[in-house]
Amino acid sequence: MTKQAKGCQRLRRIIDYCEKIKIAAKVFNDDYETFADDRNYQARGVCSFYILQIGELVSGLTDDFKAENSHIPWRAIKGMRNVVVHKFEFCFEILWKCGKDYLLSVEGLDAASPKKVIRFLRETGIFDDAETERALAMADDRNMTAQTYDEALAKEMASRIRDHTPLMCAWLGRMTQ
């Protein structure tokens, strides 16, 4: 396949993801408050995934193509992927600290690290064994994004963040019941 054909294929996929985001926005009557409602975490996760995919696709376009279409903010579009990765980092940080507070105030357990919090949450029934493994993997992902940044890592994290969202929401929901 030629570079031009690959570029066209990428553009078609970008347009497809944009259309899907547009459809999601219509479901919420183009209202951010409705979209941002806590009950809509799956829709937000799906839209975040689409944004991540668009960022990935843009990074694969040739520099010549981007230069020929310089009216499009390619760098900002690609940067949205990075925003999603950093938002995951921030959300995980808040969530494990909420877990720490929950364990101390409700269970009388003191945990000083994210992984210790996760293990105590398993012991107290907030997580089952499979969820604990997934949460520990999530902590590893957070540690990788916080300690280093490079393009390959951003791509790797972007592909996994969507899978973390339901567990993060369940985690918070169980602690607030």
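None of the figures in this text is laboratory data; all of them are computed from the coordinates on show. From a predicted model like this one, the values you see are computed outputs, not experimental measurements. When we count neighbours, we look across all protein chains shown, and the Cβ atoms used for this are built from the backbone with ideal geometry, even at glycine.
Hey, what did the chain get for relative contact order, percent, Cα under 8 Å, at least 6 apart? Normalised by residue count, the contact order of the chain is 23 percent.
For T176 and I23, the FRET efficiency from 1/(1 + (r/R0)^6), where r spans their Cβ atoms and R0 equals 22 Å, is about 0.10. Ordering M138, F120, S105 by the projection of their Cα atoms onto the charge dipole of the chain, which places +1 on the Cβ of Lys and Arg and -1 on the Cβ of Asp and Glu, puts M138 at the extreme positive end. Can you give the convex hull volume of the alpha carbon atoms of segment 83-130 per residue, in Å³? So the per-residue hull volume is 72 Å³. In this label model, E68 and V83 are separated by 2.8 nm, measuring between points 7 Å along each Cα→Cβ vector.
With viscosity set to 1.306 mPa s and temperature to 10 °C, compute the Stokes-Einstein D of the chain, Rh being the Kirkwood radius across alpha carbon pairs; µm²/s, no decimals. Result for D is 88 µm²/s. Only helices enter this figure: runs of n ≥ 4 DSSP H residues, each worth -39500 (n - 2.57), summed and divided by the residues of the chain, yield -26000 deg cm²/dmol at 222 nm to the nearest 500.
Helices assigned as whole DSSP H runs in the chain whose Cα atoms extend at least 18 Å along their own long axis and whose mean Kyte-Doolittle hydropathy is 0.5 or higher are found at 41-59.
Using the average count of surrounding beta-carbon atoms within 10 Å as a protection proxy, the listed peptides 164-176, 9-21, 68-80, 44-56 rank, highest first, as 44-56, 164-176, 9-21, 68-80.
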